[in-house]
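The next block holds one structure in the form of structure tokens; read it before the comments.
The values are calculated or read from the model by the stated rules, or taken from the named source; none is laboratory data. What you see is a predicted model, and the numbers here were worked out from it, not measured in a lab. Every residue, glycine as well, gets a Cβ built from its backbone with ideal geometry; the counts of neighbours run over all protein chains shown.
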Amino acid sequence: MQPSARYTGTPVVPGAGYGPVVRPAPVVADDPVGPGAVEPDEALIRFAVASESVAQRLEQLSSVSGGATAEVLAATAALARDRGLAAFVRRHVECGADVVAATRAAVAELSEMFRAAGGVMAERVADLTDVRDRIVAGLTGRPGPGVPVPDEPSVLLAHDLAPVDTAALDPALIVAIATEVGGPTSHTAIIARQLGIPCVVAVTGLADVATGRLVLVDGDTGEVIVEPDADAARSRVRDDRASREQVAAWRGPGRTRDGHPVEVLANVQDLESSRLAALAPVEGVGLFRTELCFLDSASEPSVEAQAAVYAKVLSVMGSRKVVVRTLDAGSDKPLCFVRHREEANPALGVRGLRIARDDPGILSRQLDAIALAASGAPGPVWVMAPMVSTVAEAAGFGAAVRQRGLVAGAMVEVPSAALRAAGLLEHLDFVSIGTNDLSQYALAADRMAPTLSDLTDPWQPALLQLVSMTAEAGLQAGKPVGVCGEAAADPVLSCVLVGLGVTSLSVATSAAAAVGARLAAVTHQQCAAAAEAAVACDSAEAARAAALRALGG
Ligand code: PEP
Ligand code: MG
């Protein structure tokens, strides 16, 4: 049977769900029954009471949630208590607006400021709108927005979802989510990921799909199919369940089905994330982002203080390898104790290894601290520099690391490093490809710009070609070449990377089992065929489709 409609969006949580459509209760936009004219002081008291009650409800939900969901809910509660919001409401009330109109106008103003700030702030507009609707519901005595609890497994379609609604979902009853707005880092995506509910965002046209229609949401391909062939949809859901079971059962070590070894490692940034990694079946840490340990440090921590921080992570990982990255300060991660100059274009400025140009002491003291921590560590410690661009930089860094008895490497994040990987490897023991930055520099597209995400898509054949060149240099030199950017966390793409010659994959701990299980299901030969097919394509979409075909779907 032909589906009656097919929509495509951005897949953010893999998996498939099939069922009748449910939608959140509509929000009433007009306020025919206002709270009545009151004195400004009383209006402000009403606003304070309503907003505080919204904040408390969100905090209570946060306290019974875990991980990212709890953080998102706490942050939304803080929006309800935002002093700027209260000040805007006061101004509108003092100018004569009733409290509901004042709340709407204040939120509109604040939303405009968030949108103008762009990036993560712009993504918070949805949370702010939800806070507004809940406060207005409190002020007018109407029921607040919310998702109905269906009596059979259903698919939730919405324009957008508030954290409080998403966090309260029962994955047994809401088997998939699709929204018209949102991005990979929106709160809907973060919470759906934590709940394990397949999710697609940024799907245009969803408003046309009526409640009750049968829909298949595919969080791998980004498709939302209305009235699909029922047997095919059920079989897609069954396959998805089977592969989830394989993921849950994966225990490592990383191997293709025919036994080709590929290290599956974890990305960490502090003691807490390393504790999680240590519990997972990963073979070690492939990227320890040290700069994230010191985002709040006003002054440079002493060698001993730094060593103590690193030593804790090394000790948690026991005998497993840890790849420590030196400070990647600058651009989107400025550190107070690094003297960053004003730069017109910080992503192309003094960041990563380049901070040692202005202040070589910062790097040498950090290497001393890593060496000190490594001297008492139970497992191997490798050290790599971010943003290496030339062979000379690799040589200087390699010598400084080896002088301290440590294993030296570099990240390949700049196209020049990929092009000259053989030269870099003459001075180093390994390299690790940072696909997040490598794609931003290869495609000249800001990795933070949501509207350019098609260019920074790690399936871009140009990026794959740079990975291929780097892996080839590693193969020739007989030295390991890892990938530690987000590309490695896509299970299908991870097979392509292995086919290109990559020897390790370092991913968020939560993604490690999916990557390991997918590798365990394919042969090295299939990976090589998928890699060859993907690199030969002219677009990211075609590369993904070609790789999937070569891997057998
Ligand atoms: C990368 O650029 O791919 C990388 C892993 O480094 P970061 O994301 O920390 O810039
Ligand atoms: Mg990077």
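If a residue must be assigned to a loop (DSSP other than H, G, I, E, B) and closer than 25 Å to S274 by Cβ, how many such residues does segment 303-360 contain?
Residues in segment 303-360 being assigned to a loop (DSSP other than H, G, I, E, B) and closer than 25 Å to S274 by Cβ: 16 in total.
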Exception for L463 within (1) within 14 Å of ligand 2 (Cβ to nearest atom); (2) touching a residue at least 60 places away in the same chain (Cβ under 8 Å) falls at (2)
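Could you run through segment 303-332 and say how many residues are closer than 18 Å to D359 by Cα and either touching a residue at least 24 places away in the same chain (Cβ under 8 Å) or among the hydrophobic types (A, V, I, L, M, F, W, C) (or both)?
Going through segment 303-332 one residue at a time, the tally reaches 8.
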The condition from (1) modelled with pLDDT under 90; (2) more than 31 Å from the chain's Cα centre (by Cα); (3) buried (at least 21 other Cβ atoms within 10 Å of the Cβ) that V38 misses is numbered (3)
The condition from (1) surrounded by fewer than 23 Cβ atoms within 10 Å (Cβ to Cβ); (2) without any contact (Cβ under 8 Å) to a residue 24 or more places away in the chain; (3) within 16 Å of ligand 2 (Cβ to nearest atom) that T456 misses is numbered (1)
Scanning segment 110-142 residue by residue, the ones that are touching a His at 6+ places or on another chain (Cβ under 9 Å) and part of a helix (DSSP H, G or I) total 3
Considering segment 215-244, residues that are of a type in the set (S, T, N, Q) and in a helix (DSSP H, G or I), and then whichever is surrounded by the most Cβ atoms within 10 Å (Cβ to Cβ), we arrive at S243
S273 meets each of (1) modelled with pLDDT under 95; (2) within 30 Å of A517 (Cβ to Cβ); (3) within 14 Å of ligand 2 (Cβ to nearest atom) with one exception, condition (3)
Within segment 315-338, of all residues that are away from ligand 2 (no atom under 15 Å from the Cβ) and at pLDDT 95 or above, the one nearest to the chain's Cα centre (by Cα) is V322
(1) under 29 Å from A540 (Cα atoms); (2) away from ligand 2 (no atom under 15 Å from the Cβ); (3) surrounded by fewer than 19 Cβ atoms within 10 Å (Cβ to Cβ) all hold for A392 apart from (1)
Of the candidates A513, A545, the one satisfying the condition of being more than 16 Å from ligand 2 (Cβ to nearest atom) and touching a residue at least 40 places away in the same chain (Cβ under 8 Å) is A513
Within segment 245-280, residues small (G, A, S), surrounded by fewer than 22 Cβ atoms within 10 Å (Cβ to Cβ) and farther than 19 Å from A68 by Cβ come out as A248, A249, G252, G259, A278
Please work out if L295 is closer than 23 Å to N436 by Cβ, hydrophobic (A, V, I, L, M, F, W, C) and surrounded by fewer than 16 Cβ atoms within 10 Å (Cβ to Cβ). yes
Within segment 269-288, the residues that are under 18 Å from V407 (Cβ atoms) and outside any loop (DSSP other than H, G, I, E, B) are G284, V285, G286, L287, F288
Discussion item. When you scan segment 281-289, do you find a residue that is in contact with a Ser or Thr (Cβ under 8 Å, 6 or more places away or on another chain), surrounded by 15 or more Cβ atoms within 10 Å (Cβ to Cβ), at pLDDT 95 or above and of a type in the set (G, A, S), even just one?
Written reply: yes
Residue count, segment 79-115, condition under 26 Å from the mean Cα position of the chain (by Cα) and over 13 Å from R132 (Cα atoms), comes to 4
Just one listed residue, out of A266, A249, is of a type outside the set (V, I, T) and within 16 Å of ligand 1 (Cβ to nearest atom), and it is A266
Of those in segment 365-389 that are within 16 Å of ligand 2 (Cβ to nearest atom) and of a type outside the set (A, V, I, L, M, F, W, C), the residue nearest to T290 (Cα to Cα) is P386
Filter segment 413-451 for residues that are under 17 Å from P461 (Cβ atoms) and within 10 Å of ligand 1 (Cβ to nearest atom); the one that is surrounded by the most Cβ atoms within 10 Å (Cβ to Cβ) is I433
Of the residues in segment 406-420, those that are within 16 Å of ligand 2 (Cβ to nearest atom), farther than 17 Å from V383 by Cβ and among the hydrophobic types (A, V, I, L, M, F, W, C) come to V414, A418
When restricted to V498, V522, the only residue touching a His at 6+ places or on another chain (Cβ under 8 Å), more than 16 Å from ligand 2 (Cβ to nearest atom) and in contact (Cβ under 8 Å) with a residue 60 or more places away in the chain is V498
Got at least one residue in segment 186-195 being over 15 Å from A25 (Cβ atoms), outside any helix (DSSP H, G or I) and not polar (S, T, N, Q)? no
Here the residues within segment 395-405 that are within 16 Å of ligand 2 (Cβ to nearest atom) and either farther than 29 Å from V467 by Cα or within 28 Å of the chain's Cα centre (by Cα) (or both) are none
Within the bounds of segment 498-507, is there any residue that is surrounded by fewer than 22 Cβ atoms within 10 Å (Cβ to Cβ) and farther than 30 Å from R275 by Cβ? yes
Exception for V522 within (1) in contact with a Cys (Cβ under 8 Å, 6 or more places away or on another chain); (2) of a type in the set (A, V, I, L, M); (3) in a helix (DSSP H, G or I) falls at (3)
When (1) of a type outside the set (A, V, I, L, M, F, W, C); (2) more than 16 Å from ligand 2 (Cβ to nearest atom); (3) in contact with a helix residue (DSSP H, G or I) (Cβ under 7 Å, 6 or more places away or on another chain) are applied to S539, the one that fails is (3)
Across segment 415-457, the tally of residues that are under 17 Å from the mean Cα position of the chain (by Cα) and of a type in the set (S, T, Y) stands at 5
